[in-house]
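Take a look at the structure set out below.
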Amino acid sequence: MQQHHGKTIWIIGASSGIGAALAQTLSNEGARLILSARRQDKLEEVKGQLHGDDHKVVALDVSDADAFLNAAKAIGPVDSVIYLAAVYKPNATALSDVKQALDVNLFGAFACVNAVRDIFKQQGHGQIVLCASVAGYRGLPNAQPYCATKAALINYAESLKIELEPEHIDVKIICPGFVKTDLTDKNDFKMPMMISADEAASAISKGLTQKGFEIHFPKRFTLIMKTLRLIPNWLFFVFSRKMRR
Ligand SMILES: NC(=O)c1ccc[n+]([C@@H]2O[C@H](COP(=O)([O-])OP(=O)(O)OC[C@H]3O[C@@H](n4cnc5c(N)ncnc54)[C@H](OP(=O)(O)O)[C@@H]3O)[C@@H](O)[C@H]2O)c1
C-alpha cells in the first residue's frame, strides 16, 4: 500500500542528502511534493527523478521569513511540512559561523512554522516535522554551534507539540544518528553505525505515519546516545572528554 497516497508534503532542504532521498521515497509512496532549498538547479534535478509528475520546486532561503510566508501562500494547501535545512561546520567557533547556524538551523525552523501555522489552523489539520539530531541530546565537543541549535530544536518541537495539539496539528522531531551525506563528508573522524540517506528516508517515511513524537534512527546508535541523557553529568563528561579532538 502507498503510505502517503494523496498527501501534499513540503520538504525544506530537499536539494541534497536526506531531503533528496526522502523526496524520492515519499514520491514512490504516492505523495505530491513541494521541494525547497536555495539551489534551484539541484531541486529541479531531484524533481526530475521523482515518481509522478505533479511535484513543484519553490526555491527559497530559509533565513528570509518573508520569502517563507510568500512561498507558503503561493503553494496553497499542504498536509505536512518537513524542515530539514541545516548548515554544519566542524569545530566552528567564529561568530559568523554561529550566526549562520542560528539563522538556518533555528530561525529558519521558526520562520517555517510561522508560515504554515495559520494555514494548518484554517484547514483544521496539518503536520510539522522538524529535524534535530542525536547531537542535540547533550552538548558534544567540536560541534558548536550545531549541537546547540539541534538541542534548541528538540525543545522547540516539544513546546509546539503541546500548543498545537488542540488545533489538530501533529508535531514531530527527527533525530538521526550518522547518515552519509555532504554534511557528514566534512567530518574527518570515524562515524559509528553510519547509514545511507535512503535508509534514513525510509525510517522517516515510516515515522511520519506513526503516533510517536520522535523519529530516531538507527536505533542501535540512537539508544546508546539516549543513555547519555540519563547518566549524571560527571559520567557524561568522562565519556565526552574522550571525544575531544
Ligand atoms: N547527515 C547526518 O548524519 C545527520 C545527522 C543528524 C541530523 N542531520 C540533519 O538532517 C538534515 C539534513 O541534513 P543532510 O545530512 O541531508 O545534509 P545536506 O545534504 O547538507 O542538506 C542540507 C540541506 O539544507 C539546505 N539548506 C542549507 N542552507 C539553507 C538555506 N539558507 N536556505 C534553504 N535551504 C538551506 C541545503 O540546500 P541548499 O544548499 O540548496 O540551500 C540542503 O538541501 C539536517 O537538518 C541535518 O542537521 C543529519
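Could you say which residue among Gly139, Gly126 is in contact with a Phe, Trp or Tyr (Cβ under 8 Å, 6 or more places away or on another chain), farther than 20 Å from Asp103 by Cβ and either away from the ligand (no atom under 11 Å from the Cβ) or among the hydrophobic types (A, V, I, L, M, F, W, C) (or both)? Lay out the reasoning, then the answer.
On the way: Gly139 fails: in contact with a Phe, Trp or Tyr (Cβ under 8 Å, 6 or more places away or on another chain).
So the residue among Gly139, Gly126 that is in contact with a Phe, Trp or Tyr (Cβ under 8 Å, 6 or more places away or on another chain), farther than 20 Å from Asp103 by Cβ and either away from the ligand (no atom under 11 Å from the Cβ) or among the hydrophobic types (A, V, I, L, M, F, W, C) (or both) is Gly126.
Go through the range 210-245 and report how many residues are in a loop (DSSP other than H, G, I, E, B), within 16 Å of Ala200 (Cα to Cα) and not polar (S, T, N, Q). Let's see the steps before the verdict.
Step one: filter the range 210-245 for residues in a loop (DSSP other than H, G, I, E, B), giving 210-213, 218, 231-232, 244-245.
With the extra rule that they be within 16 Å of Ala200 (Cα to Cα), the set shrinks to 210, 218.
In the following step, the residues that additionally are not polar (S, T, N, Q) were identified as 218.
Summing the residues that are in a loop (DSSP other than H, G, I, E, B), within 16 Å of Ala200 (Cα to Cα) and not polar (S, T, N, Q) in the range 210-245 gives 1.
For the range 89-111, enumerate the residues that are surrounded by fewer than 23 Cβ atoms within 10 Å (Cβ to Cβ) and near the ligand (Cβ under 9 Å from one of its atoms).
Result: Gln100, Asp103, Val104.
Yes or no: Asp79 away from the ligand (no atom under 16 Å from the Cβ), of a type outside the set (S, T, N, Q) and out of contact with any Cys (no Cβ under 9 Å at 6 or more places or on another chain)? Break it down into steps so the answer makes sense when it comes.
Working: away from the ligand (no atom under 16 Å from the Cβ): yes; of a type outside the set (S, T, N, Q): yes; out of contact with any Cys (no Cβ under 9 Å at 6 or more places or on another chain): yes.
Yes.
Within the range 143-171, how many residues turn out to be away from the ligand (no atom under 15 Å from the Cβ) and closer than 23 Å to Trp234 by Cβ? Give the derivation first.
Keep residues of the range 143-171 that are away from the ligand (no atom under 15 Å from the Cβ), which gives 155, 158-171.
Of the ones still in play, those that are also closer than 23 Å to Trp234 by Cβ are none.
The qualifying residues number 0.
Before we move on, is Asn114 under 21 Å from Pro77 (Cβ atoms) and either over 14 Å from the mean Cα position of the chain (by Cα) or among the acidic types (Asp, Glu) (or both)? I'd like the intermediate steps shown before the answer.
On the way: under 21 Å from Pro77 (Cβ atoms): yes; either over 14 Å from the mean Cα position of the chain (by Cα) or among the acidic types (Asp, Glu) (or both): yes.
Taking the combined requirement at face value, the residue satisfies it.
Residue by residue through the range 33-45, note down the ones that are part of a helix (DSSP H, G or I) and in contact with a Leu (Cβ under 6 Å, 6 or more places away or on another chain). Give the derivation first.
Filtering the range 33-45 for residues part of a helix (DSSP H, G or I) gives 40-45.
Correct list: Leu43 only.
Determine if the range 217-234 includes at least one residue that is at pLDDT 95 or above and either closer than 15 Å to Gly19 by Cα or under 14 Å from the mean Cα position of the chain (by Cα) (or both).
yes
The values are calculated or read from the model by the stated rules, or taken from the named source; none is laboratory data. Since the structure is predicted, the reported quantities are computational estimates derived from the model, not experimental observations. In this analysis, Cβ positions are derived from the backbone assuming ideal geometry, glycine residues included, and neighbour counts consider all displayed protein chains.
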